[in-house]
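The values are calculated or read from the model by the stated rules, or taken from the named source; none is laboratory data. Predicted model only: the values in this text are computed from it and were never measured. Counting neighbours? That spans all protein chains shown, and the Cβs are built from the backbone with ideal geometry, glycine included. Heads up: the accessible areas ignore ligands, DNA and RNA and are worked out on the full protein's heavy atoms, side chains in. Shrake-Rupley method; radii C 1.70, N 1.55, O 1.52, S 1.80 Å.
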Amino acid sequence: MPQDAFHIRRLTAELNTLLVGGKVNRISQVNKDELTFIIYTGKSTVKLILSANASNARVCLSLTEKEPAPVAPNFCMLLRKHLQNAEILSVKQHEFERIVEITFHCTSDFSECDRVLYCELMGKYSNVILTEKGIILGALKTTALENDNHRILLAGAKYLYPAPQDKLSPFDGAGMRSRLENYLSLRPDGVDNEALSLFLFDNVCGLALPTAREIVNRAQTAGKPLWEFVGDFCDNEPCAPCVKWDKGAMADFFAFPVEGGQEMPSLCKAEDEFYTSRETKKGFEDKKRKLENTVRALKKKQTKKLQETLERLKDAEKADSYRIKGELLTANLYRLEKGMTEVELENWYSETCEPIKIALESTLSPSKNAQKYFKVYNKHKRAKEILTPMLEKEQAEIEYTDSVVSEIIAAETMLDLKEIETELTDMGLLRAQKERAGAKKKEAVVPFREYEFQGVKIYAGRNNLQNDRLLRLADPDDIWLHTQKYHSSHVIIALEGRQVFDELLLYAAEICAYYSDGRDGDKIPVDHCKRKYVKKPNKSKAGFVIYTDYKTMLVKPNAHKE
C-alpha cells in the first residue's frame, strides 16, 4: 500500500510514543534515497529508516541490517554535523498530509536550537529536508534554479510545504457532501461500492484506494452518511496493523484488520517487514538481471571470437592445396616462362590425375611463383598449429560461461548470487565494491545448500567456486553427483561411513537435476560415483572436473524445499 496520510497519522503517533526523549547516536546513508538514524531511547537502541525512494518511501523503525555507503554523501555529513547527539522532541504529521515532521533539540558548546527534519513521502517527489527556523539547511534531493518549480530546495531558501492538491480534507464534511451529491446526480442509475471508493480516492486528500474501500464498507455497515463517516474514521479509528500474503509472498500492509490478514504487533513492524520483503525481492531481481546481462554480453563476445577462429581455421585447412601447387610448379619449371598468368598442369596427387589450373604472377619468375605457394603453405600450416589449441580454449571458455549462466538462472536468493558476483569480479567482468573507510573486511563464507534424508547430510554447491570447495571437503568414499550433458550444481552425499541406498541416491539426484539446465525436463540423466573417482585437472576453470567409474540414473527434478 502507498504511504497514505491515514496510515502516516497512526505511524507518527506510534513513533512519537517510542522516540520522544531519544538521542541520535549515529547517522548513516545506505544509498542515494535512504538514511538510517541509530537512536538511544533510554531503554534500548533502535534504528529509524528515512527513505525517499519513489516506490518504498517511508519513515519507520527497522531491524534489517544494511551496509552503509562506502563514502558518506554530503547530506549525510550535514545531518551528522547538525543532528548528532540531538534529542527528539516530537514526531508528528503535518495536518492530514503525507509529511512527517521530526523536531530535534540540538545543543553544542556554543549554541542551542531546535531543528526540524521534514520527511515528504510523496512517491517520486519524496524528499528529506533539514530546516532551522524555517530556513533550509540541506535536502536529500535539491532542485535546480532553472527548473520551473515553485519550491526552491536549496540551502538558505525558506522551506515551503508542497502545493496542496485540488482535493478536500477528510474533515470537510460539507464540501464532501456537496461533491458527492453532484457526483450522484450525474449517475441516476446509482453507483456501487467500488465507484464510491474511487470517488473518495479522487476527491479526498491523503487516502489510498484500499483505505477508501475500507471506509465505504465501514460506512455502510455503520449506516452513516459517507461524508460524516470519513472524518471520524480518519481521526478516531484505532490502529490494528496487519500484513496480507498472496501466493506465499507479502502483498500489502494495513493499519486496520482485513480479511486474510496476519496481525502484527505494531505498524512499524508491519511496514518494515513489507518493505524489507519488497526491497529484498527487487534487489535480488535487479542483481540477478545485472549478472545475467554481464555474462550474456561476455558470451556474445566469446561466440564472435570463436566464429572468427573457425573461419581462420577453415582457411588454414587449405594449406595442403598450396603445397601441392608449389610442388607441381617446382616439378614443371622447364615448362614455365616468366610473364605467364596461368598454367594448367597434371595433378599427380589426384587419383585420376585431372588437370589443375594454377594462377601465376606475370612479374615473377617460375621458381619465385613456386616459392610464393610454399610460403603461403607454411603460413597456413603455422596458423593451423596455433588456431587448433586456441579453438579448444575458446570452446572451453564458452562452456564455462554457459555454466555461470546456468548458476544465475538457478539462483533463488541473494546468497546464491553472492559468490557468483565474486567469481565475475575475479574474471574482471565486474568492478570490486569499494570498502567503507575504516571498515573491517568481511570474509563471510556463503553456506552450501544443505539437506538431510533419513539422517544423512546432502550438500549442493551454489556456483562454480562452491562446487570446487565442496569437492575439496568431501571424503573419498562420499557420493558425488552431476547431471549428464547439462550444467548443474555438484552434489555430495556425506555418508560418514554409512552405506548408500537407492532412496537416498534418488533424493540427491532429484536435487541435482533441479539445480541444472534441465530443471524444466521430465527425465534428466544424473551421473554418480565415489568422490575418489572425481579429479580436477590442474589450471582448469572453477567447477570443471573429470570422472570415471560412474553410473547413470534418470530422475525428475525436485527441489525438495520441504
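Summary of computed values
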| item | result |
| --- | --- |
| Pair list, Cβ < 6 Å and 6+ apart or interchain, from the range 413-429 residues that are within 14 Å of residue 447 (Cβ to Cβ) to residues that are of a type in the set (Lys, Arg) and assigned to a loop (DSSP other than H, G, I, E, B) | 416/462 |
| Elements of type strands (runs of 3 or more DSSP E) contained in the range 90-141, each with 2 or more residues being on the phi < 0 side of the Ramachandran plot and in contact with a Ser or Thr (Cβ under 7 Å, 6 or more places away or on another chain) | 99-107, 112-120 |
| Some residue of the range 13-24 being touching a Lys or Arg at 6+ places or on another chain (Cβ under 9 Å) and acidic (Asp, Glu) | no |
| Yes/no for residue 377 being crowded, with 16+ Cβ neighbours inside 10 Å and farther than 18 Å from residue 544 by Cβ | yes |
| Residue pairs meeting the criteria (Cβ under 8 Å; at least 6 apart or on separate chains; first open to solvent by less than 60 Å² (accessible area, probe 1.4 Å) and modelled with pLDDT of 90 or more, in the range 350-367; second in a strand (DSSP E or B) and among the small types (Gly, Ala, Ser)) | none |
| When residues of the range 189-207 are limited to those that are open to solvent by 70 Å² or more (accessible area, probe 1.4 Å) and assigned to a helix (DSSP H, G or I), the one farthest from residue 10 (Cα to Cα) | 194 |
| Any pair with Cβ under 8 angstrom, 6 or more apart, that starts in the range 1-22 at a residue that is in contact (Cβ under 8 Å) with a residue 40 or more places away in the chain and ends at one that is assigned to a helix (DSSP H, G or I) and not hydrophobic (A, V, I, L, M, F, W, C) | 1/7; 1/210; 1/211; 2/123; 4/211; 6/211; 7/211; 11/271 |
| The one condition in (1) in contact with a Leu (Cβ under 7 Å, 6 or more places away or on another chain); (2) under 30 Å from residue 9 (Cα atoms); (3) part of a helix (DSSP H, G or I); (4) open to solvent by 30 Å² or more (accessible area, probe 1.4 Å) that residue 273 fails to fulfil | (1) |
| Residues being farther than 24 Å from residue 405 by Cβ, of a type in the set (A, V, I, L, M, F, W, C) and touching a helix residue (DSSP H, G or I) at 6+ places or on another chain (Cβ under 8 Å) - total across the range 514-562 | 1 |
| Strands (runs of 3 or more DSSP E) contained entirely in the range 12-57, each with at least 2 residues that are over 19 Å from residue 274 (Cβ atoms) | 23-29, 34-40 |
| Only listed residue being modelled with pLDDT of 95 or more, farther than 21 Å from residue 31 by Cβ and either open to solvent by 30 Å² or more (accessible area, probe 1.4 Å) or of a type in the set (A, V, I, L, M, F, W, C) (or both), chosen from 152, 129, 102, 135 | 135 |
| Residue list for the range 311-331, filter: polar (S, T, N, Q) and either modelled with pLDDT of 90 or more or open to solvent by 70 Å² or more (accessible area, probe 1.4 Å) (or both) | 330 |
| Residue satisfying all of: in the range 365-393; of a type in the set (Ser, Thr, Tyr) and assigned to a helix (DSSP H, G or I); farthest from the chain's Cα centre (by Cα) among these | 367 |
| Some residue of the range 106-117 being under 19 Å from residue 94 (Cβ atoms) and at pLDDT below 90 | no |
| Residue, most open to solvent (accessible area, probe 1.4 Å), within the range 218-245, restricted to residues that are part of a loop (DSSP other than H, G, I, E, B) and within 20 Å of residue 261 (Cβ to Cβ) | 238 |
| Matching residues, the range 310-346, being over 16 Å from residue 356 (Cα atoms) and charged (D, E, K, R) | 311, 312, 314, 315, 317, 337, 338 |
| Those residues of the range 503-562 which are part of a loop (DSSP other than H, G, I, E, B), buried (at least 18 other Cβ atoms within 10 Å of the Cβ) and among the small types (Gly, Ala, Ser), in sequence order | 518, 542, 543 |
| Residues being buried (at least 21 other Cβ atoms within 10 Å of the Cβ) and over 20 Å from residue 424 (Cβ atoms) - total across the range 450-477 | 4 |
| Condition check for residue 484: over 21 Å from residue 402 (Cα atoms) and surrounded by fewer than 17 Cβ atoms within 10 Å (Cβ to Cβ) | no |
| Where residue 152 falls short, out of the listed (1) more than 20 Å from residue 138 (Cβ to Cβ); (2) assigned to a loop (DSSP other than H, G, I, E, B) | (1) |
| Near pairs, Cβ below 8 angstrom, 6+ apart or cross-chain, from the range 173-184 (more than 16 Å from residue 232 (Cβ to Cβ) and among the acidic types (Asp, Glu)) to any residue that is modelled with pLDDT of 95 or more and part of a helix (DSSP H, G or I) | none |
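Per-residue answers, yes or no, for (1) within 20 Å of the chain's Cα centre (by Cα); (2) not hydroxyl-bearing (Ser, Thr, Tyr):
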| position | (1), (2) |
| --- | --- |
| 269 | no, yes |
| 272 | yes, yes |
| 277 | yes, no |
| 281 | yes, yes |
| 301 | no, yes |
